[in-house]
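Before any comments, here is the structure.
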Amino acid sequence: MSIKLQSNRTILLAFGSAILVLIAVGLFSYRGVVESRSSAGLVEHTRDVLREFRQLSLAVETMSSSLRGYIISGDETYLEAMRTAEAAMNRERTVVRDMTKDNPEQQRRIAALDVLVVEWEQLSDRIVAMRRDSGLEATIVAFQDARGELINKSFQALRAEMIAAEISLLSVRSLEKEQDVEQTKLILIAGTLLGLLITGGAGWSVQRDSASRARTELALRESEDKFRRLIDGVRDHAIYMIGPLGEIRSWNPGAETITGWTFAEVSGQNYSRFFTADDIENGRPAELLRRAAANGHYEDRGTRVRKNGEQFAAQATLTASHDAEGKLRGFTVISRDLSEGKESEARYRGLMEAAPDAMVVVNQSGEIVLLNVQAEKQFGYHRDALLGQKVTSIIPQGFAERLIADDLRSAEDALAQQIGTGIELTALRKDGTEFPIEIMLSPLASAEGILVTAAIRDISVRNAAEKHLAQMEERYRGLLEAAPDAMVVVNQGGEIVLLNVQAENQFGYRRDELLGQMVTNIIPVGFAERLVADDLRSEEDALAQQIGTGIELIALRKDGSEFPIEIMLSPLDSAEGTLVTAAIRNISVRKAADQHMAQMEERYRGLLEAAPDAMVVVNDAGEIVLLNLQAGKQFGYRRDELLGQKVKNIIPEGFEERLIADDLRSEEDALAQQIGTGIELIARRKDGSEFPIELMLSPLENVEGTLVTAAIRNITARKQAAEQLLKKVDELYRSNEELGQFANIASHDLQEPLRMVASYTQLLSRRYKGKLDSDADEFIAFAVDGASRMQRLIQDLLTYSRVGTKGTEMVETSSEEAFQQAIMQLQGAITESGALVTHEPLPMVMADETQLTQLFQNLVGNAIKYQAPGVPKVHVSATSNGDKKWKFVVKDNGLGIDAQYFERIFGMFQRLHKREEYAGTGIGLAICKKIVERHGGSISVESQLGHGSAFGFDLASVSRDT
Amino acid sequence: MSTRKATSMDVLLVEDSAGDVRLTQEAFRNSNLNIRFHVAVDGTEAMAFLSRTGAYADAPRPDLILLDLNLPKMDGREVLARIKANDSLKLIPTVILTTSDAEDDIIFSYQLQANCYLTKPVHLDAFDGLVKSISEFWLNTVKLPQQSHFRKS
């Protein structure tokens, strides 16, 4: 209560002060505002004054300018203006005077101004008069009188002073105004902050108070609870509170136990009902109260009555309790059942109450006669709600049935309870929810017969845990089954406790055949031993498993066959101790592959040794890792001298570089090796001498990386041979050249003297024919003839030799065109003989056009020349033989040739006819032959005497890939 | 067709072979024109003749030059080059008359601006015919610059 008051006060105080502060702030602000407004007003005012000053100055100026105007012009209108300005000035003067009433300085100045004004008026009057009377000249003189100027100057000075004063006043006032505004702002802010602070503080303090109050209340409630629990915990004493007149206000289990009444039944009723009829008659209950009230407490022994009417001896202590004001609030009654037998029951009850599990005592009819607070909690019922209820309402099945049986516990149940797991049933809460329980039953002899005590434990958590565990096991089992390797789980005793389907397959057993078996039945050696060892894995094994190769062992199938395996072990903690999971992999394939590999290596090694060439195997660091006998011999080293050496030492250049290159073989090298010539390099022997070699490389993959096998062939001999060949060819070429030149020169130089001879003999013939004797004519004729023939021979020889020397490159040539050219050249002969020359389409060939033309010319010319009677016919055709050559045929219907001469006719200067019969030196066909052979073909003839001839030759067709 | 008067024409034959010289002369004799024949047996003589130096101070300016290529001392090719390098001499038609039918010689000659290139035929009749053609063509058919232009001043 006082707390509340105090806090109230605090609140009041706090809020009160906050409000005060706010009001103060408000007032200050208001004042500030007012002040600032007034200062603003002052500023305005000063501005106004300045404005008026300006007006004043303006008026004055107008006055003086008007006067000047009048003086100069004499125009009365100026005077008018001046009067008007004067009036304005006077008005202004008054205004300004009024406005600066508060400023004595200004007032003084205005007074001075007044004086000046008077002077001015006097002066102006005089001047005006003078003007009117004396005219301009005089007036000017007068006006230039210093007086006028002085007045003006004074006025200016005064005006300046006044303005300056007002301006400074203005700035001061402005500043004041600013300051006021600032001040107001500051006050406003500070005040607000203060207000907030106070409010905040008040609020916080209130909050704190209420919190502490709440705490206090909580503490109070807790202590009340504690108290209650205490009371409730007492089972052998009735502890209850009654009002001043004895009305029962509280109860406890003890009271319930002793009297048999529930609180519901006795609440509000007078406690006298526990007294015997006699006591009640005698007014004992009330007397006890009186005594207790008087003395504070009272002890009494007497007889009390239980619910069932049974009387019992009881000892009761009454303690009076008062409230804060001393008024009697009521009594606390503590009474004890003094009757025997109740002691142990009470004790029993006490134990039951104290039990951590829910305890329920059930009679033979299945009714709950006793329960503890845990039971209340578990099932969500109030004690009196359950007492007398059938136990089936909380344990629908399993409990009641067991009561009926004569033997309260069956053998299994007895066993179950022995091993501490009890009977699992389902219980039903008041709210209808079910939960799994485990009950332990034990009989209890009592006055009312055999009762059954049931300790009830809520096992929902345990069930959940078990379910989770089961799930995990399932999952594990699933993984195990799905594993591609055979998986076997072995316990410390070496027995197989778990395996998967793969294990079944691998070992050829059924699952149940292996479960429980010793693992040595399937892995005779190596597994079980490892289990026994404290360290499940030795260092090597641990390492092996680290590098993923596991432990290699031999496994035994059901049918007795063995196969190599690799096992990977891992421990697995379980309820039954440390188990070992083994992943078992059948490595027979791998082993076979390894073996095969080893075999291949052996074989390879064998081949290497036996090879006729030097063989060297080099790793990618350029070191020789393997070599054969030949290699040693070739290079003059012992085998061990070369092993490990850099291959550079025997092949200084070209080999190592090719190793470094990603592509082991460049295109050229690849090509070279394709055509079987390899890479040509220089090798060096141990003695330093060098020799040319041919290298054939091929890569070799193995565990250690890429090795390169090199077959090294000493090609000294070959190279020498090649060089020889080249030399020979060179010589031949040169000699050929010479020959050609020789022929050329010879023919050419022979021409000259020959021409002389021929020409002069002809001249002789011309000049002296018929002038000498007939012998002379004949001699001359022969000489001429001889010379002519010689000339022709030499010409032909020259032509022949030129086929070789003057020949040009073979290019794509149209044989059709060459043919036409030849025909043109032969036109004369064709026309003369009336020959019919036909041809089929002729192809493109690789040829020297000039020579081809010559060829056609010779052949067709021959065909016409050696004609048979009738119309000479010549036909030229060409056929392809695949895609490399064209076979040309020049067929005629001429004389034909005797077979025995087929060869001879192609010889030089070979003729089959007398000179007189047919002209020609006999070199035509030799030239044809030479031309054809130069074109890489061959020429031949088919003929029959009297049936014409067919000359055939072949030329290379134009290559398709160009 | 020709405005040629019946004045004689001068032909310079540069030829080292006496036989050939005689043959050529004979051949020209068969043509009908009034031709005065001059012979130089080597390049040097030819140049002396053409430049009218030394012994040849009074030599006439030829209307046609027949030039063999293979000459002793100064070679015919050089003579050709010199002739065609000389502003005056180059106006004289220079016909190469040689035994060579080498393509190189032909090209070379035309490059040096020989007026034409002829190979001496092997046979006499052909030779005669050739000479006839030459004289007919170069001395009768073609227009030649007037001699009066080249009078020494």
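For A:Tyr509, only one of the following conditions fails: (1) modelled with pLDDT of 85 or more; (2) in contact with a strand residue (DSSP E or B) (Cβ under 8 Å, 6 or more places away or on another chain). What is its number?
Exception for A:Tyr509: condition (2).
Could you list all residues from segment A:755-802 that are within 14 Å of chain B (Cβ to nearest Cβ) and among the acidic types (Asp, Glu)?
Once the filter is applied, which keeps residues that are within 14 Å of chain B (Cβ to nearest Cβ) and among the acidic types (Asp, Glu), segment A:755-802 yields A:Asp785, A:Asp796.
Kindly indicate the residue of segment A:730-754 that is among the charged types (D, E, K, R) and either open to solvent by 100 Å² or more (accessible area, probe 1.4 Å) or within 16 Å of B:Val122 (Cα to Cα) (or both) and also farthest from the other protein chains (Cβ to nearest Cβ) among those meeting that condition. Don't jump to the end; show me each part of the working.
Taking segment A:730-754 and keeping what is among the charged types (D, E, K, R), we get A:730-731, A:734, A:737-738, A:749, A:752.
Adding the requirement that they be either open to solvent by 100 Å² or more (accessible area, probe 1.4 Å) or within 16 Å of B:Val122 (Cα to Cα) (or both) leaves A:734, A:738, A:749, A:752.
Details: A:Arg734: 22, A:Glu738: 18, A:Asp749: 9, A:Glu752: 6 Å.
Here the residue is A:Arg734.
Output the residues belonging to segment A:869-885 that are in contact with a Gly (Cβ under 9 Å, 6 or more places away or on another chain) and under 19 Å from A:Glu933 (Cα atoms).
Applying the first criterion (in contact with a Gly (Cβ under 9 Å, 6 or more places away or on another chain)) to segment A:869-885 yields A:871-874, A:885.
Correct list: A:Lys885 only.
Write out, first by first residue and then by second, each pair whose Cβ atoms fall under 7 Å of each other, whose residues are 6+ apart or on separate chains, and whose first residue, in segment A:469-488, is in contact (Cβ under 8 Å) with a residue 40 or more places away in the chain while the second is open to solvent by 80 Å² or more (accessible area, probe 1.4 Å).
Qualifying pairs under 7 Å: A:Asp485/A:Arg585.
So for segment A:795-808 (the condition being more than 27 Å from A:Ser880 (Cβ to Cβ) and touching a His at 6+ places or on another chain (Cβ under 9 Å)), does at least one residue qualify?
From segment A:795-808, those more than 27 Å from A:Ser880 (Cβ to Cβ) are A:795-802, A:804-806; that's our starting set.
Keeping just the survivors that are touching a His at 6+ places or on another chain (Cβ under 9 Å) gives A:798.
Yes: segment A:795-808 contains one or more residues that are more than 27 Å from A:Ser880 (Cβ to Cβ) and touching a His at 6+ places or on another chain (Cβ under 9 Å).
Please verify whether segment A:789-802 includes one or more residues that are buried (at least 16 other Cβ atoms within 10 Å of the Cβ), modelled with pLDDT under 90 and small (Gly, Ala, Ser).
There is at least one residue in segment A:789-802 that is buried (at least 16 other Cβ atoms within 10 Å of the Cβ), modelled with pLDDT under 90 and small (Gly, Ala, Ser).
Can you tell which of A:Ala583, A:Ala611, A:Ala631 is open to solvent by less than 40 Å² (accessible area, probe 1.4 Å), closer than 30 Å to A:Ala483 by Cβ and in contact (Cβ under 8 Å) with a residue 60 or more places away in the chain? Show your work before the answer.
Numbers: A:Ala611 fails: closer than 30 Å to A:Ala483 by Cβ; A:Ala631 fails: closer than 30 Å to A:Ala483 by Cβ.
The conditions single out A:Ala583.
In segment B:106-119, is there at least one residue being within 14 Å of another protein chain (Cβ to nearest Cβ), in contact (Cβ under 8 Å) with a residue 12 or more places away in the chain and open to solvent by less than 60 Å² (accessible area, probe 1.4 Å)?
Yes, there is a match, as at least one residue in segment B:106-119 is within 14 Å of another protein chain (Cβ to nearest Cβ), in contact (Cβ under 8 Å) with a residue 12 or more places away in the chain and open to solvent by less than 60 Å² (accessible area, probe 1.4 Å).
Would you pick out the residues in segment A:892-910 that are surrounded by 15 or more Cβ atoms within 10 Å (Cβ to Cβ), of a type outside the set (Gly, Ala, Ser) and without any contact (Cβ under 8 Å) to a residue 60 or more places away in the chain?
Keep residues of segment A:892-910 that are surrounded by 15 or more Cβ atoms within 10 Å (Cβ to Cβ), which gives A:892-897, A:901, A:905-906, A:908, A:910.
If we keep only those that are of a type outside the set (Gly, Ala, Ser) too, we end up with A:892-893, A:895, A:897, A:901, A:905-906, A:908, A:910.
Scanning segment A:892-910 gives A:Asp892, A:Asn893, A:Leu895, A:Ile897, A:Tyr901, A:Ile905, A:Phe906, A:Gln910.
Which of the residues belonging to segment B:32-62 are part of a helix (DSSP H, G or I) and of a type outside the set (A, V, I, L, M)?
If we filter segment B:32-62 for residues that are part of a helix (DSSP H, G or I), which is where we start, we get B:43-50, B:54-56.
Once the filter is applied, which keeps residues that are part of a helix (DSSP H, G or I) and of a type outside the set (A, V, I, L, M), segment B:32-62 yields B:Gly43, B:Thr44, B:Glu45, B:Phe49, B:Gly54, B:Tyr56.
When you look at A:Glu256, is it in a loop (DSSP other than H, G, I, E, B) and either over 60 Å from the mean Cα position of the chain (by Cα) or surrounded by fewer than 16 Cβ atoms within 10 Å (Cβ to Cβ) (or both), yes or no? Before you say what the answer is, go through the steps one by one.
Values: in a loop (DSSP other than H, G, I, E, B): no; either over 60 Å from the mean Cα position of the chain (by Cα) or surrounded by fewer than 16 Cβ atoms within 10 Å (Cβ to Cβ) (or both): yes.
The answer is no for A:Glu256.
Output the residues belonging to segment A:41-91 that are closer than 18 Å to A:Gln122 by Cα and surrounded by fewer than 14 Cβ atoms within 10 Å (Cβ to Cβ).
A:Glu80, A:Arg83, A:Ala87 - these are the residues of segment A:41-91 that are closer than 18 Å to A:Gln122 by Cα and surrounded by fewer than 14 Cβ atoms within 10 Å (Cβ to Cβ).
Could you identify the single residue in A:Leu245, A:Leu186, A:Leu197, A:Leu193 that is modelled with pLDDT of 85 or more and open to solvent by 40 Å² or more (accessible area, probe 1.4 Å)?
On the way: A:Leu186 fails: modelled with pLDDT of 85 or more; A:Leu197 fails: modelled with pLDDT of 85 or more; A:Leu193 fails: modelled with pLDDT of 85 or more.
Matching residue, one of A:Leu245, A:Leu186, A:Leu197, A:Leu193: A:Leu245.
Of the conditions (1) open to solvent by less than 40 Å² (accessible area, probe 1.4 Å); (2) within 14 Å of chain A (Cβ to nearest Cβ); (3) modelled with pLDDT under 90; (4) touching a strand residue (DSSP E or B) at 6+ places or on another chain (Cβ under 8 Å), B:Ser135 clears all except one; give me its number.
(2)
For segment A:693-708, which residues satisfy the criterion of being within 22 Å of A:Leu681 (Cα to Cα) and aliphatic (A, V, I, L, M)?
Result: A:Ile693, A:Leu695, A:Met696, A:Leu697, A:Leu700, A:Leu707, A:Val708.
I'd like to check something: does segment B:76-98 contain any residue that is within 14 Å of chain A (Cβ to nearest Cβ), assigned to a loop (DSSP other than H, G, I, E, B) and of a type outside the set (Gly, Ala, Ser)?
no
Of the residues B:Leu33, B:Leu89, B:Leu23, only one is more than 22 Å from A:Glu752 (Cα to Cα) and modelled with pLDDT under 90; which?
Details: B:Leu89 fails: modelled with pLDDT under 90; B:Leu23 fails: more than 22 Å from A:Glu752 (Cα to Cα).
Only one candidate passes the filter, namely B:Leu33.
Please verify whether B:Arg22 is among the basic types (Lys, Arg) and within 14 Å of another protein chain (Cβ to nearest Cβ), treating the condition exactly as stated. Step through it out loud before you land on a result.
Working: among the basic types (Lys, Arg): yes; within 14 Å of another protein chain (Cβ to nearest Cβ): yes.
Yes.
Of the residues A:Leu707, A:Leu700, which is in the same structural domain as A:Lys633 (by TED's automatic domain parsing), in contact with an Asp or Glu (Cβ under 8 Å, 6 or more places away or on another chain), part of a strand (DSSP E or B) and surrounded by 13 or more Cβ atoms within 10 Å (Cβ to Cβ)?
A:Leu707
The rows are residues; the columns are (1) open to solvent by less than 20 Å² (accessible area, probe 1.4 Å); (2) of a type in the set (Asp, Glu); (3) within 22 Å of A:Pro244 (Cα to Cα); (4) not in a loop (DSSP other than H, G, I, E, B).
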residue	(1), (2), (3), (4)
A:Arg301	no, no, yes, yes
A:Leu318	yes, no, yes, yes
A:Glu325	no, yes, yes, no
A:Thr332	no, no, yes, yes
A:Ser335	yes, no, yes, yes
A:Ser339	no, no, no, no
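Kindly indicate whether any position in segment A:205-216 is acidic (Asp, Glu) and under 30 Å from A:Val373 (Cβ atoms). First the steps, then the outcome.
Initially, segment A:205-216 is screened for residues acidic (Asp, Glu), giving A:209.
Remaining after also requiring under 30 Å from A:Val373 (Cβ atoms): none.
No, the conditions are met nowhere in segment A:205-216.
Kindly indicate whether A:Ile11 is open to solvent by less than 60 Å² (accessible area, probe 1.4 Å), more than 27 Å from A:Ala160 (Cα to Cα), in a helix (DSSP H, G or I) and among the hydrophobic types (A, V, I, L, M, F, W, C). Working first, answer last.
Working: open to solvent by less than 60 Å² (accessible area, probe 1.4 Å): yes; more than 27 Å from A:Ala160 (Cα to Cα): yes; in a helix (DSSP H, G or I): yes; among the hydrophobic types (A, V, I, L, M, F, W, C): yes.
So A:Ile11 passes the test.
Within the set of pairs 6+ apart or on separate chains, which have a first residue in segment A:929-947 that is closer than 13 Å to A:Leu852 by Cα, a second that is open to solvent by 60 Å² or more (accessible area, probe 1.4 Å) and among the hydroxyl-bearing types (Ser, Thr, Tyr), and C-beta atoms under 9 Å apart?
Between residues of segment A:929-947 that are closer than 13 Å to A:Leu852 by Cα and residues that are open to solvent by 60 Å² or more (accessible area, probe 1.4 Å) and among the hydroxyl-bearing types (Ser, Thr, Tyr), the close pairs are A:Lys929/A:Ser938; A:Val932/A:Ser938.
Can you tell me which of B:Asp68, B:Asp42 is open to solvent by less than 40 Å² (accessible area, probe 1.4 Å), within 14 Å of chain A (Cβ to nearest Cβ) and in contact with an Asp or Glu (Cβ under 8 Å, 6 or more places away or on another chain)?
Details: B:Asp42 fails: within 14 Å of chain A (Cβ to nearest Cβ).
Within the list B:Asp68, B:Asp42, the selection yields B:Asp68.
Which of (1) in contact with a Ser or Thr (Cβ under 7 Å, 6 or more places away or on another chain); (2) assigned by TED's automatic domain parsing to the domain that holds A:Arg329; (3) not hydroxyl-bearing (Ser, Thr, Tyr) is the odd one out, the single condition A:Arg284 does not satisfy?
A:Arg284 satisfies all of (1) in contact with a Ser or Thr (Cβ under 7 Å, 6 or more places away or on another chain); (2) assigned by TED's automatic domain parsing to the domain that holds A:Arg329; (3) not hydroxyl-bearing (Ser, Thr, Tyr) except (1).
The values are calculated or read from the model by the stated rules, or taken from the named source; none is laboratory data. Just so we're clear, the structure is a prediction, and the values are computed from it rather than from any experiment. Here Cβ is always computed from backbone atoms with ideal geometry, including for glycine, and neighbour counts include all displayed protein chains. Just so you know, the surface numbers come from the protein's heavy atoms only, side chains and all, with ligands and any DNA or RNA stripped out. Shrake-Rupley method; radii C 1.70, N 1.55, O 1.52, S 1.80 Å.
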